[in-house]
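K.L.:
One structure coming up, written as structure tokens, with questions to follow.
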């Protein structure tokens, strides 16, 4: 314990430099937080649709590798699935991209339109009214109030052009934009068909994006999935909602350049932090060479010097982490306001960056220790 106290006293001996060191490490911490924030924001926004599905099992086209792709399958398959043992009820979802004309300035932006049966929507909408019955009225939609600001100032009663139809906002819900679309709207099936009236009506009605199945109490989701795949032609796949959400996140990580960039960015930020922390420790050791030499001369072993340098590195890491965390909260809020992408800072993510920060300090200490171990007291006295 006294060696940790010695490390602390060495750090606070020069307080202006300690402050500068803490700010330098805080800079590296903020870089790591930002890379992780963009990476998780990308994943969370990609999976936001999966989280609002009211289903135990989700059917989709077998070639559909993410919810934003356009592959569809026949509604007949969904109706057949309702007869499989273990399935209690179900609903279906149309999904297709269209253009929304900003009601204030007339600019055009791309969003995702979800078509539902208002009597059996299959969705659990955060922030929405209790009932989706207003969507029965032709030409009405529910608007995602967390859509990007480019879509205009939209509230209940706002009228705008969406695809091939003139629509009126009858309600609001909370979902959020993503890297594919500026926002979302929900329409009843009749309004959905109006929005995409340029397509073949019969094919449009028959081809659904997702089939949503609710299982009987006690039914095993894995067993029912296998029964579905065995009983019906294999032009679809079946997943639980959790599996669907995991697939969405995996897709952005592996398949999209943005996910790869932010993932590598976190590694690069860690390396930058190690370099910064090593340079700080190098200067700290240089200024205290005589003290280290004295400790070595009076019999302190290499392990004691290891503990002092490592303690300095870890103390610096913690002291730099705290202002870095405070700055991150402010930056996350600002980015959410500007981009409408949620930068969620959960306790688990905070602990992960704290772990990386301590790892950064430990790695820099291992690099700096060579200087102390090679130190010969006779060269200084």
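K.L.:
Which one is modelled with the lowest pLDDT, of the residues in segment 45-65 that are farther than 25 Å from residue 150 by Cα and assigned to a loop (DSSP other than H, G, I, E, B)?
P.N.:
My answer is 65.
K.L.:
Looking at segment 10-22 only, could you name the residues that are modelled with pLDDT under 75 and in a helix (DSSP H, G or I)?
P.N.:
Within segment 10-22, 10, 11, 12 meet the criteria.
K.L.:
Being outside any strand (DSSP E or B) and closer than 24 Å to residue 120 by Cβ is the filter here; which residues of segment 146-165 pass it?
P.N.:
Within segment 146-165, 156, 163 meet the criteria.
K.L.:
While we're looking at this one, here's another question. For the list (1) within 30 Å of residue 191 (Cβ to Cβ); (2) at pLDDT 85 or above, I need the number of the one condition that residue 274 fails.
P.N.:
Single failed check for residue 274: (1).
K.L.:
Tell me which residues, restricted to segment 325-334, are buried (at least 17 other Cβ atoms within 10 Å of the Cβ) and either within 16 Å of the chain's Cα centre (by Cα) or assigned to a loop (DSSP other than H, G, I, E, B) (or both).
P.N.:
Those that are buried (at least 17 other Cβ atoms within 10 Å of the Cβ) and either within 16 Å of the chain's Cα centre (by Cα) or assigned to a loop (DSSP other than H, G, I, E, B) (or both): 328, 332.
K.L.:
Residue check: is residue 177 modelled with pLDDT of 90 or more and in contact with a helix residue (DSSP H, G or I) (Cβ under 9 Å, 6 or more places away or on another chain)?
P.N.:
No: the conditions fail for residue 177.
K.L.:
Of the conditions (1) closer than 30 Å to residue 218 by Cβ; (2) out of contact with any strand residue (DSSP E or B) (no Cβ under 7 Å at 6 or more places or on another chain), residue 133 satisfies every one except a single condition; which number is it?
P.N.:
It fails just one condition, (1).
K.L.:
Here is a further query. Taking the options 182, 245, name whichever one is surrounded by 13 or more Cβ atoms within 10 Å (Cβ to Cβ), assigned by TED's automatic domain parsing to the domain that holds residue 147 and under 26 Å from the mean Cα position of the chain (by Cα).
P.N.:
182
K.L.:
Could you go through segment 23-38 and let me know if any residue there is under 28 Å from residue 123 (Cβ atoms), in contact (Cβ under 8 Å) with a residue 12 or more places away in the chain and in contact with a helix residue (DSSP H, G or I) (Cβ under 8 Å, 6 or more places away or on another chain). Walk me through how you get there before you give the answer.
P.N.:
Quick first cut of segment 23-38, residues under 28 Å from residue 123 (Cβ atoms) only: 37-38.
Restricting the remaining residues to those that are in contact (Cβ under 8 Å) with a residue 12 or more places away in the chain gives 37-38.
Narrowing further to those that are in contact with a helix residue (DSSP H, G or I) (Cβ under 8 Å, 6 or more places away or on another chain): 37-38.
Yes: segment 23-38 contains one or more residues that are under 28 Å from residue 123 (Cβ atoms), in contact (Cβ under 8 Å) with a residue 12 or more places away in the chain and in contact with a helix residue (DSSP H, G or I) (Cβ under 8 Å, 6 or more places away or on another chain).
K.L.:
Taking residue 165 as the residue in question, decide whether it is under 21 Å from residue 141 (Cβ atoms), surrounded by fewer than 17 Cβ atoms within 10 Å (Cβ to Cβ) and in contact (Cβ under 8 Å) with a residue 24 or more places away in the chain.
P.N.:
Numbers: under 21 Å from residue 141 (Cβ atoms): yes; surrounded by fewer than 17 Cβ atoms within 10 Å (Cβ to Cβ): no; in contact (Cβ under 8 Å) with a residue 24 or more places away in the chain: yes.
No, not satisfied.
K.L.:
Residue check: is residue 77 outside the structural domain of residue 345 (by TED's automatic domain parsing) and either in contact with a helix residue (DSSP H, G or I) (Cβ under 7 Å, 6 or more places away or on another chain) or part of a helix (DSSP H, G or I) (or both)?
P.N.:
yes
So that you can scan it fast, the table gives a plain yes or no per residue for (1) assigned by TED's automatic domain parsing to the domain that holds residue 185; (2) free of Cβ contacts under 8 Å to residues at least 12 places away in the same chain; (3) part of a strand (DSSP E or B); (4) crowded, with 18+ Cβ neighbours inside 10 Å:
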site	(1), (2), (3), (4)
67	yes, no, no, yes
70	yes, no, no, no
83	yes, yes, no, no
93	yes, no, yes, yes
97	yes, no, yes, no
100	yes, no, yes, yes
105	yes, no, no, no
112	yes, no, yes, yes
115	yes, no, yes, yes
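K.L.:
Follow-up question, since we're still on this one. Being touching a strand residue (DSSP E or B) at 6+ places or on another chain (Cβ under 6 Å), at pLDDT 90 or above and over 28 Å from residue 146 (Cα atoms) narrows it down to one of 209, 225, so name that one.
P.N.:
On the way: 209 fails: over 28 Å from residue 146 (Cα atoms).
One residue alone meets the criteria, 225.
K.L.:
Starting from residues that are in a helix (DSSP H, G or I) and crowded, with 17+ Cβ neighbours inside 10 Å, keep the ones in segment 336-353 and report whichever is modelled with the lowest pLDDT.
P.N.:
336
The values are calculated or read from the model by the stated rules, or taken from the named source; none is laboratory data. In this text, all values refer to a predicted model and were calculated from it rather than measured experimentally. Cβ sites come from the backbone with ideal geometry, for glycine too, and all protein chains shown count toward neighbours.
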